[in-house]
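Worksheet: one structure, shown below.
The values are calculated or read from the model by the stated rules, or taken from the named source; none is laboratory data. Keep in mind the model is a prediction, meaning the values are calculated, not measured. Because the Cβ atoms are built from the backbone with ideal geometry, glycine has one as well, and the counts that use them run over all protein chains shown. These area figures cover heavy atoms from the full protein model, side chains too; ligands, DNA and RNA do not enter into them. Shrake-Rupley method; radii C 1.70, N 1.55, O 1.52, S 1.80 Å.
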Protein chains: 2
Amino acid sequence: MVPAQRHLAFLLSVFLAGATFAAAPQDPAGYPDADASDPARLGWMVGSPPPPDRILRFDDGSYFRFPAMRWSVSHFRQLMPTVNVSRGLGAPAPLPRALRGDIDGLVFQPLGSDRTMTWQASLKANYTDGIVVLHKGRIVYERYFGVLDQQGQHGAMSVTKSFIGTLAAMLAAEGTLDPSRRVAEYVPELASSAFGDATVRQVMDMTTGIRFSEDYADPDAEVWAHAAAGNPLPKPGDYTGPRSYYEFLQTVKPEGKHGEAFHYRTANTDALGWVLARASGKPVAQLLSERIWSRLGAEQDAYMTVDSTGTPFAGGGLNTGLRDLARFGEMIRNDGFFNGRQILPPAAVADIRRGGDPADFARAGYALLAGWTYRDMWWVTHNAHGAFTARGVHGQAIYVDPKAEMVIARFASHPVASNAANDPTSLPAYHALALHLMGSR
Amino acid sequence: MVPAQRHLAFLLSVFLAGATFAAAPQDPAGYPDADASDPARLGWMVGSPPPPDRILRFDDGSYFRFPAMRWSVSHFRQLMPTVNVSRGLGAPAPLPRALRGDIDGLVFQPLGSDRTMTWQASLKANYTDGIVVLHKGRIVYERYFGVLDQQGQHGAMSVTKSFIGTLAAMLAAEGTLDPSRRVAEYVPELASSAFGDATVRQVMDMTTGIRFSEDYADPDAEVWAHAAAGNPLPKPGDYTGPRSYYEFLQTVKPEGKHGEAFHYRTANTDALGWVLARASGKPVAQLLSERIWSRLGAEQDAYMTVDSTGTPFAGGGLNTGLRDLARFGEMIRNDGFFNGRQILPPAAVADIRRGGDPADFARAGYALLAGWTYRDMWWVTHNAHGAFTARGVHGQAIYVDPKAEMVIARFASHPVASNAANDPTSLPAYHALALHLMGSR
């Protein structure tokens with residue numbers, strides 16, 4: 001490869017890394033369906049060695065092309081460096097099982113459709129890799145597809161943000177972090193960036209006024225610089241941009257005013273991760289392990305991808321086992337209590353559930369999410385059940401329905417990098433299941 | 001970086017990756033001692049971000065320079081891609097504790113020295129990162145230094161080989177693998193390499209006649225090509241060599257005859273890993289998890305580094321928690337029985353303990369290891385206690401003393417990449433401790 005080609009390959013890997021995992025409208029048509037794109041069926045990385053056309057690599061971007069991406073989301077650690085999020089060394093907290101046979105046939109109406117769909121059909125429609133449903137703390141439904149199984153770990157992508165927001169809400173409730181203070185008070189290096197004069201609260205709720213385009217079609221979009229900065233591969237010789245997430249954040253320019261509208265921008269979570277690291281003295285992977293993961297009775301360690309300076313990708317780098325994702329959701333549903341202990345202060349969970357400012361959210365213009373708000377990096381539905389959710393761009397989710405005493409954890413690998421592609425066959429299915437479970441208590 | 005520089009950096013990372021972790025005589029003088037090189041004291045990768053001179057990288061080789069290497073051996077996954085070796089999802093098998101206070105003061109005589117040393121002093125003399133001693137299955141001694149702790153995972157380096165050899169002995173005892181067959185019968189791709197007409201047994205005992213120099217001072221040494229092939233980073237544009245461990249193995253040329261002498265050469269283990277993958281249909285990381293790690297009651301997942309095609313580095317890529325290394329050793333001491341089940345066939349352990357051919361071993365000329373043999377990638381002392389051991393090049397070890405009912409698991413990061421630097425302060429200490437424990441039963 002000549003240098004120009006090498007640089008192109010680097011940018012391609014950056015792009016396809018989808019390091020920010022942001023929403024970009026795409027045409028869902030033309031992609032193979034769930035069965036045709038099943039990564040087990042396609043045999044990625046099977047064989048010693050795998051056939052050449054079944055080998056996926058990080059550096060040439062092949063790993064994140066659809067349908068290969070469906071293998072990669074369950075194998076990020078085989079593609080790039082990662083940091084462990086230890087579960088500790090004890091026995092896992094049991095998740096009692098009370099499996100039900102009446103869920104697959106549940107019927108719901110997808111958003112924007114005049115036809116109904118069964119729960120079972122929805123799992124293929126939205127490229128589910130695994131799903132666990134807890135009702136009153138017991139597993140009532142559990143399915144795995146493709147290359148994910150109970151012992152696997154899957155990229156949570158933007159569900160990561162809700163973990164980071166939860167850590168921030170926890171430190172705030174404990175008084176270790178003051179959300180009313182300016183970001184620059186915690187991270188002086190961000191003083192002259194757009195983040196500097198934002199409050200920590202504005203970062204936590206993504207109401208900062210920052211220039212951060214996640215339009216992949218625009219070669220000048222900030223998302224490219226963000227991804228290139230965070231790419232753990234050696235930088236090309238002609239590379240002059242920021243070389244880590246933290247270097248990137250210092251380059252972010254203002255756009256609009258802070259505190260006026262919700263703008264979903266991954267850079268906020270990376271900035272919040274930096275604030276947390278300074279407020280706690282610990283990188284977010286360590287903080288997550290010490291304060292939550294090791295106390296949760298998780299059955300598997302989690303992990304986060306890291307940049308070339310070892311900084312965990314707060315905006316989207318977490319990978320976990322599916323049942324552990326459900327344990328985390330169940331802990332949140334129980335106001336921070338799980339595994340025989342109070343893991344989060346109840347005030348932290350109350351702050352999440354209360355939600356954010358409706359007017360701020362409305363300005364973001366999410367057609368499918370009318371009436372929702374965003375708080376502590378969680379999406380709050382404000383529906384009759386008080387449901388709130390963590391959302392990843394390819395369909396990963398934690399969905400907590402307090403009234404139905406239900407928690408859903410889902411991993412998915414939808415070809416379209418936008419929740420607008422997942423929501424029609426997932427949100428109404430979740431709500432229908434909640435009503436069903438409530439009716440049969 | 002211009003291409004030549006880039007290629008140089010790549011080779012440097014190859015070299016410093018120490019991918020084969022082979023023994024090369026070096027001068028131990030001039031290195032900072034254990035305290036001065038303590039990675040916690042030196043603050044590698046501490047801070048958000050760490051200071052520039054405390055950041056360690058894989059691609060520029062900085063991570064494997066001494067003393068930085070002392071941090072890296074506990075953090076390989078933060079530097080390169082890895083594959084999980086699942087422990088399963090159940091509760092760990094307890095290791096009962098019966099800590100003793102009479103071990104630190106134990107006195108022994110280092111090899112080649114006319115002065116005595118205490119056990120406690122030996123741990124600093126040989127740059128120990130962590131050590132656990134089991135006596136009759138109970139932890140009688142446990143210490144961690146630097147950046148390793150009970151929840152950490154450390155590179156086992158060539159101790160990996162004994163795991164691979166154990167898997168081979170297991171499959172042989174079960175009849176899945178026939179050690180008398182030629183390598184090419186399992187791996188046709190190796191037919192025209194030096195391995196092709198070797199028996200699996202010769203590979204298992206490293207009595208193959210292959211050309212594989214591990215002389216780092218020689219730029220034409222095969223160890224360079226091996227490491228470059230296994231390096232997971234993108235290959236430089238002018239790179240023309242093999243691009244994976246498996247491609248490298250196909251290039252290995254004969255030197256001497258098979259079956260005449262023991263030659264410690266990492267490539268044998270990689271070839272054995274390939275044979276195992278073909279005989280079992282599973283990559284060694286999966287085989288290790290399914291057949292041993294998930295049945296052992298391990299408290300942590302283990303992991304292996306991988307090359308750019310996802311092949312685990314059988315010759316030295318395993319990383320584990322220290323207590324889990326001890327659990328594995330205890331299982332071997334108990335003839336394959338541990339955690340309430342028969343994990344290995346007793347015949348497999350018997351084959352290891354019986355050892356190899358003394359004449360073959362003697363021809364290798366190890367001054368400090370007179371009377372030893374090598375079998376199934378274990379080192380067998382043939383001392384009065386029937387001790388045998390797994391050995392890593394910077395001092396990692398599993399030491400099993402059947403007569404004393406003792407197992408020692410040790411992680412270390414000695415600056416000199418040769419067991420000749422570790423043995424004088426470890427082997428006699430182990431034996432002295434065995435005698436001490438026997439005397440106080």
Checklist entry - Where only protein heavy atoms count, and the probe is 1.4 Å, what is the accessible area per residue for the range A:128-439 in Å²? => result 28 Å²
Next on the checklist: Once the label point is set 7 Å along the Cα-to-beta-carbon vector, what list of distances in nm do you get between A:GLY259 and its counterparts in the other copies?
Outcome noted: 8.4
Checklist entry - Between the range A:66-134 and the range B:46-120, what's the alpha-carbon centroid distance in Å? => result 36 Å
Item to check | Inter-chain Cβ neighbour average for residues A:142-148, partner chain, 10 Å | outcome: 0
Item to check | For the range A:360-441, alpha-carbon Rg and Dmax in angstrom | outcome: 12.6, 39
Checklist entry - With springs only between Cα atoms under 10 Å, which of B:PHE163, B:PHE108, B:PHE195 fluctuates most in a Gaussian network model of chain B? => result B:PHE108
Item to check | Among the listed pairs A:LYS235/A:LYS282; A:LYS235/B:LYS235; B:LYS161/B:LYS253; A:LYS161/A:LYS253, those beyond 23 Å (Cα-Cα) | outcome: A:LYS235/A:LYS282
Checklist outcome for this item: Put B:HIS414, B:HIS75 in order of accessible area, largest first, probe 1.4 Å, and you get B:HIS75, B:HIS414
Checklist entry - Per residue of B:297-306, how many C-beta atoms from partner chains lie within 10 Å of its own C-beta, taken as a mean? => result 3
Checklist entry - Comparing B:GLY365, B:GLY105, B:GLY30, which has the greatest mean-square fluctuation in the GNM of chain B with Cα pairs linked when under 10 Å apart? => result B:GLY30
Item to check | Position B:THR240, label points 7 Å along Cα→Cβ, spacing to each other copy in nm (shortest first, one decimal) | outcome: 3.5
Checklist entry - Taking the convex hull of the alpha carbon atoms in the range A:128-439, what volume per residue do you get, in Å³? => result 128 Å³
Checklist entry - Suppose every K and R has +1 on its Cβ and every D and E has -1 on its Cβ; what is the size of the dipole of the protein assembly as shown about the Cα centre, in Debye to the nearest 20? => result 1800 debye
Item to check | Note, ³J(HN,Hα) from phi for the range B:46-56, Karplus 6.51, -1.76, 1.60, rounded to Hz, x at Gly and Pro | outcome: 9, x, 10, x, x, x, x, 7, 10, 8, 10
Item to check | From phi via Karplus (6.51, -1.76, 1.60), per-residue ³J(HN,Hα) for the range B:293-300 in Hz, x at Gly/Pro | outcome: 5, 7, 9, 8, x, 4, 8, 9
Checklist entry - When the chain is fully extended, how far beyond the present Cα-Cα distance does A:ASN339 get from A:ALA40, taking 0.36 nm per residue of separation? => result 104.2 nm
Checklist entry - Helix by helix, which DSSP H runs in chain B go 27 Å or more along their axis at the Cα atoms and have an average Kyte-Doolittle hydropathy of -1.0 or more? => result B:419-439
Checklist entry - Which of the peptides B:349-356, A:184-191 is most tightly packed, and how do the rest follow, judged by the mean count of other Cβ atoms within 10 Å per residue? => result B:349-356, A:184-191
Checklist entry - Could you give the distance between the Cα centres of the range A:364-387 and the range A:261-326, to the whole Å? => result 23 Å
Checklist entry - Percent of accessible area on the range A:128-439 owned by carbon and sulfur, 1.4 Å probe? => result 48 percent
Next on the checklist: What's the minimum Cβ distance from chain A to the axis relating it to B, in whole Å, and which residue gives it?
Outcome noted: A:ALA91, 2
Next on the checklist: For peptide A:89-96, what's the mean number of Cβ atoms from other chains within 10 Å of each residue's Cβ?
Outcome noted: 3
Checklist outcome for this item: Counting all Cα-Cα pairs in the range A:248-344, those more than 21 Å apart amount in percent to 44 percent
Next on the checklist: If each label sits 7 angstrom from Cα along the C-beta direction, how far apart, in nm, is A:GLY365 from its counterparts in the other copies?
Outcome noted: 7.8
Item to check | the range A:128-439: relative contact order in percent, alpha carbon pairs under 8 Å with at least 6 residues between | outcome: 24 percent
Item to check | Value of Rg to Rh for the protein assembly as shown (Rh from inverse mean 1/r over Cα pairs, i.e. Kirkwood) | outcome: 0.98
Item to check | Calculated FRET efficiency for the pair B:LYS282/A:ASN383, C-beta based, R₀ 51 Å, to 0.05 | outcome: 0.65
Checklist entry - Counting alpha carbon pairs within less than 8 Å and at least 6 residues apart, what relative contact order, in whole percent, applies to the range A:32-76? => result 37 percent
Checklist entry - Which value, in square angstrom to the nearest 100, describes the accessible area buried between chains A and B on both sides, using a 1.4 angstrom probe? => result 3700 Å²
Item to check | Cα gyration tensor shape of the range A:71-197, rounded if a/c is under 1.5, else prolate or oblate by comparing a/b with b/c | outcome: prolate
Checklist outcome for this item: Checked the range B:365-412 against the a/c 1.5 cut and the a/b vs b/c comparison, axes a ≥ b ≥ c from its Cα gyration tensor; verdict oblate
Item to check | Förster radius 51 Å - calculated FRET efficiency between A:ARG97 and B:LEU111, Cβ distance, rounded to 0.05 | outcome: 0.35
